[in-house]
Amino acid sequence: MGVETREMPAMRVGAIRHVGEYHQIGKAFERLGAIAGPAGLFQRPGAVMLGIYYDDPDTIPQDQLRSDAAIVVAEDVRLPDGLVEQRIPGGRYASAEHVGPYEGLVAAWPRLKRAVLESGQRTDARPSYEIYRNNPMTVPKEQLLTEIYLPVA
């Protein structure tokens, strides 16, 4: 796994909250699509789909994990009813690319965290996130491209 450290910008997002096992966030993404699609958010410049993860699954019970299915929106965009505004802080993040089915992300995250800790860096309290660079409705799952970001101090 190739790991890079990047300076990432702060982002404003419209989000749907999911509480429970991270790999079950799909229903929140379905709700996000049902709201953001008709509102035209996917056609806006800079629109990017994200999964945001607030808790460490090694220390928080699975049924209490908080995450958001989200879309990046500009500051001047009014969020439609049903989406909640969240802010992702900017700063340094360790990142890696995952190519393939989303199910493979379960194994990619621990590899990224291990690489960060072995490099002597520390994680901090900002949320981690995934950026989905293509669309699972139009791309075969073997070609899905996901960037994963872990905050580092």
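The values are calculated or read from the model by the stated rules, or taken from the named source; none is laboratory data. Predicted, not measured: the structure shown is a model, and the values here were computed from it. Cβ atoms come from the backbone with ideal geometry, glycine included; neighbour counts cover every protein chain shown.
Out of TYR149, TYR102, report the one residue that is in contact with a Ser or Thr (Cβ under 8 Å, 6 or more places away or on another chain), closer than 17 Å to ARG6 by Cα and of a type outside the set (D, E, K, R).
Values: TYR102 fails: closer than 17 Å to ARG6 by Cα.
It is TYR149.
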Margin query: What's the total number of residues in segment 29-77 that are modelled with pLDDT of 95 or more and of a type in the set (Lys, Arg)?
Written below: 2
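Residues are listed down the side, and each one gets a yes or a no for (1) buried (at least 16 other Cβ atoms within 10 Å of the Cβ); (2) modelled with pLDDT under 95:
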| residue | (1), (2) |
| --- | --- |
| LEU117 | no, yes |
| ARG122 | no, yes |
| PRO127 | yes, no |
| ILE131 | yes, no |
| ASN135 | no, yes |
| THR138 | no, yes |
| GLU142 | no, no |
| THR146 | yes, no |
| PRO151 | yes, no |
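Do we find a residue being modelled with pLDDT of 95 or more, in contact with a helix residue (DSSP H, G or I) (Cβ under 8 Å, 6 or more places away or on another chain) and not in a strand (DSSP E or B) anywhere in segment 8-20?
Just the residues of segment 8-20 that are modelled with pLDDT of 95 or more, to begin with: 8-20.
Imposing the further condition that a residue be in contact with a helix residue (DSSP H, G or I) (Cβ under 8 Å, 6 or more places away or on another chain) reduces the set to 14-20.
Now drop any that are not not in a strand (DSSP E or B), which leaves 20.
The answer is yes; a qualifying residue exists.
If we keep just the residues of segment 113-132 that are among the β-branched types (Val, Ile, Thr) and part of a strand (DSSP E or B), which is nearest to GLN143 (Cα to Cα)?
Initially, segment 113-132 is screened for residues among the β-branched types (Val, Ile, Thr), giving 116, 123, 131.
Now drop any that are not part of a strand (DSSP E or B), which leaves 123, 131.
Details: THR123: 29, ILE131: 14 Å.
Residue satisfying both the conditions and the ranking: ILE131.
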Margin query: If I filter segment 98-112 for residues that are surrounded by 13 or more Cβ atoms within 10 Å (Cβ to Cβ), in a strand (DSSP E or B) and in contact with a Phe, Trp or Tyr (Cβ under 8 Å, 6 or more places away or on another chain), do I get at least one hit?
Written below: no
Checklist line | Residues of segment 9-56 that turn out to be surrounded by 18 or more Cβ atoms within 10 Å (Cβ to Cβ), of a type in the set (A, V, I, L, M) and within 18 Å of GLU147 (Cα to Cα), as a count | finding: 6
